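Participant: Quick one: this structure, given as structure tokens, is what I'll be asking you about.
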Amino acid sequence: MASILISYRNHVDAATLSGGSWSGTLPVSNLADRQPSRIARTSGTDPAGTVVTVDFGARQLVRFVALIHHNLTQSGRWRIRLGNAPDLSAPLHDTGNFDIWPAAFPFGVGAWGEFNWGGRFDPDEVETYGAQAIHAIDQPVRARYLRLDLADPVNPAGFLQAGRLVAGPAWQPSVNFQYGWSIEQVDESEIKRSRGGQVFVNARPRFRRLRFVIDHLEKDEMFGHAYELERLKGKGGDIMVIADPEDRTHAHRHTLYGALAESAPIINGQPGRYSRRFVVEELL
């Protein structure tokens with residue numbers, strides 16, 4: 001298990017987004033909005049029009065790229081390029097085309113007789129996830145431009161859409177979070193039972209909550225990252241957390257695009273070592 005990855009600086013926020021063919025009412029610039037329900041939508045599924053180029057304005061460090069709340073199907077693919085030429089003619093990082101949905105079911109998992117081609121979600125189950133495409137780069141790249149090529153020409157919706165694009169550096173603590181971390185599905189729906197015994201549900205959207213503690217860090221690392229994270233984002237700013245970057249099978253289950261749900265102190269529990277508790281709630 002690799003150490004948790006936390007991205008809390010998103011260079012897309014101050015960038016210029018262009019390229020492709022996007023809806024006039026749901027423009028590509030919506031990808032820079034922290035609220036993923038404010039989507040950007042292409043005008044069709046032709047790969048020539050399902051492209052976005054991001055100009056950060058200056059060379060920026062990028063270790064992590066994610067596309068949040070997209071509607072690409074299991075046959076969808078994407079390609080990520082980073083470089084310093086506007087046409088990305090000599091990219092510093094090029095993933096090539098690869099599946100946007102990873103295998104999500106280990107072999108042998110599932111009900112008897114159930115078959116998931118390649119271990120991927122079926123279309124009905126895809127709709128129950130806040131689909132998020134994730135790419136972590138082993139060695140950070142300093143680049144001015146990012147190009148994202150999306151390909152899903154047979155998408156039944158007739159268009160591609162997404163709610164948020166994340167691209168920036170990431171903090172991977174030198175000491176991983178402590179055992180006892182948890183992830184839960186939070187359902188705040190109200191349930192009432194009538195005098196006759198009938199149950200009435202006021203359904204509310206469910207979201208995930210991730211809790212963890214990072215401990216035994218030296219002062220420079222804790223204050224250089226955990227302190228800055230809360231100073232920059234507070235409880236309203238968006239962050240991205242991958243509990244285990246090496247676990248591709250369950251990445252969609254334990255990766256959250258969310259915000260800090262509470263403030264917490266940095267604690268100097270022993271000489272030269274510091275800890276902090278985190279609670280992150282998913283943004284829908």
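The values are calculated or read from the model by the stated rules, or taken from the named source; none is laboratory data. Just so it is clear, the structure is predicted and the values come from calculations on it, not from any experiment. Every residue, glycine as well, gets a Cβ built from its backbone with ideal geometry; the counts of neighbours run over all protein chains shown. Areas reflect the complete protein model, heavy atoms only, side chains present, ligands, DNA and RNA absent. Shrake-Rupley method; radii C 1.70, N 1.55, O 1.52, S 1.80 Å.
Participant: Where does the charge balance sit around residue 144 when Lys and Arg score +1, Asp and Glu -1, over other residues with C-beta under 14 Å from its C-beta?
Facilitator: Every neighbour counted, the sum reads +2.
Participant: Let me ask another. How far apart, in nm, are the 7 Å Cα→Cβ label points at residue 26 and residue 246?
Facilitator: 3.9 nm
Participant: Rank by packing, highest mean first: peptides 170-178, 229-237, 275-283, with packing defined as the count of other Cβ atoms within 10 Å averaged across residues.
Facilitator: Averaged packing, sorted descending, gives the order 275-283, 170-178, 229-237.
Participant: Based only on Cα atoms, what mean projected area does the convex hull of the range 172-260 have, in nm²?
Facilitator: The Cα convex hull of the range 172-260, projected and averaged over all directions, gives 8.4 nm².
Participant: Give, rounded to the nearest 20 debye, the magnitude of the charge dipole that the range 218-284 has about its Cα centre when Lys and Arg contribute +1 at Cβ and Asp and Glu contribute -1 at Cβ.
Facilitator: Rounded to the nearest 20 debye, it is 180 debye.
Participant: Provide the per residue accessible area, probe 1.4 Å, for the chain, rounded to a whole number of square angstrom.
Facilitator: For the chain, the per-residue accessible area is 50 Å².
Participant: Further question: Going by amide H atoms built from the backbone, whose H comes under 5 Å of the H on residue 162, apart from near neighbours?
Facilitator: 40
Participant: Does the range 221-277 come out rounded, prolate or oblate by the C-alpha gyration tensor, with a ≥ b ≥ c the root eigenvalues, rounded set by a/c under 1.5 and, if not, prolate when a/b is larger than b/c and oblate if not?
Facilitator: oblate
Participant: Continuing with this model, one more query. What is the range 1-99 by shape, rounded, prolate or oblate, if you read a ≥ b ≥ c off the alpha carbon gyration tensor as root eigenvalues and call it rounded for a/c under 1.5, prolate for a/b larger than b/c, and oblate otherwise?
Facilitator: Taking the square roots of the gyration eigenvalues as a ≥ b ≥ c, the range 1-99 is rounded.
Participant: Give the separation of the Cα centroids, the range 165-225 to the range 74-101, in Å.
Facilitator: Comparing the Cα centres of the range 165-225 and the range 74-101, I get a distance of 31 Å.
Participant: Okay, next question. Over its Cα atoms, what ratio of radius of gyration to 2.2 N^0.38 Å does the range 177-222 give?
Facilitator: In units of the 2.2 N^0.38 Å rule of thumb, it is 2.04.
Participant: Which whole-Hz ³J(HN,Hα) couplings does the range 142-159 yield from phi under the Karplus relation 6.51 cos²θ - 1.76 cosθ + 1.60, θ = phi - 60°, glycine and proline marked x?
Facilitator: Couplings: 9, 9, 8, 10, 10, 10, 10, 9, 10, 9, 7, x, 9, 4, x, 5, x, 7 Hz.
Participant: Give me a comma-separated list of calculated 3J(HN,Hα) values for the range 218-234, in order, Karplus coefficients 6.51, -1.76, 1.60 applied at θ = phi - 60°, integers in Hz, x for any Gly or Pro.
Facilitator: My calculation for the range 218-234 gives 6, 4, 4, 5, 5, 6, x, 10, 4, 5, 5, 4, 6, 5, 7, 9, x Hz in order.
Participant: Another question about this same structure. For the chain, state the semi-axes of the equivalent ellipsoid (square roots of 5 times the eigenvalues of the alpha-carbon gyration tensor), sorted largest first and rounded to whole angstrom.
Facilitator: Over the Cα atoms of the chain, the semi-axes work out to 30, 28, 19 Å.
Participant: Continuing with this model, one more query. Scattering from the C-alpha atoms of the range 138-206 alone, worked out with Debye: what is log10 I(q)/I(0) at q = 0.12, 0.13, 0.18, 0.23 1/Å?
Facilitator: Taken in order of the listed q values, log10 I(q)/I(0) reads -0.82, -0.89, -1.00, -1.09.
Participant: Step through the residues of the range 63-77 one at a time and calculate ³J(HN,Hα) from phi using the Karplus curve (6.51 cos²θ - 1.76 cosθ + 1.60, θ = phi - 60°), rounding each to whole Hz and writing x for Gly and Pro.
Facilitator: Computed from phi, the couplings for the range 63-77 are 10, 9, 10, 9, 10, 9, 6, 8, 10, 5, 7, 5, 8, x, 9 Hz.
Participant: What's the magnitude of the charge dipole for the chain around its Cα centre, counting Lys and Arg as +1 and Asp and Glu as -1 at the beta-carbon? Answer in Debye, nearest 20.
Facilitator: Its charge dipole is roughly 620 debye.
Participant: Roll a 1.4 angstrom probe over the protein heavy atoms and tell me the percent of accessible area of the chain that is carbon or sulfur.
Facilitator: C and S fraction of accessible area: 50 percent.
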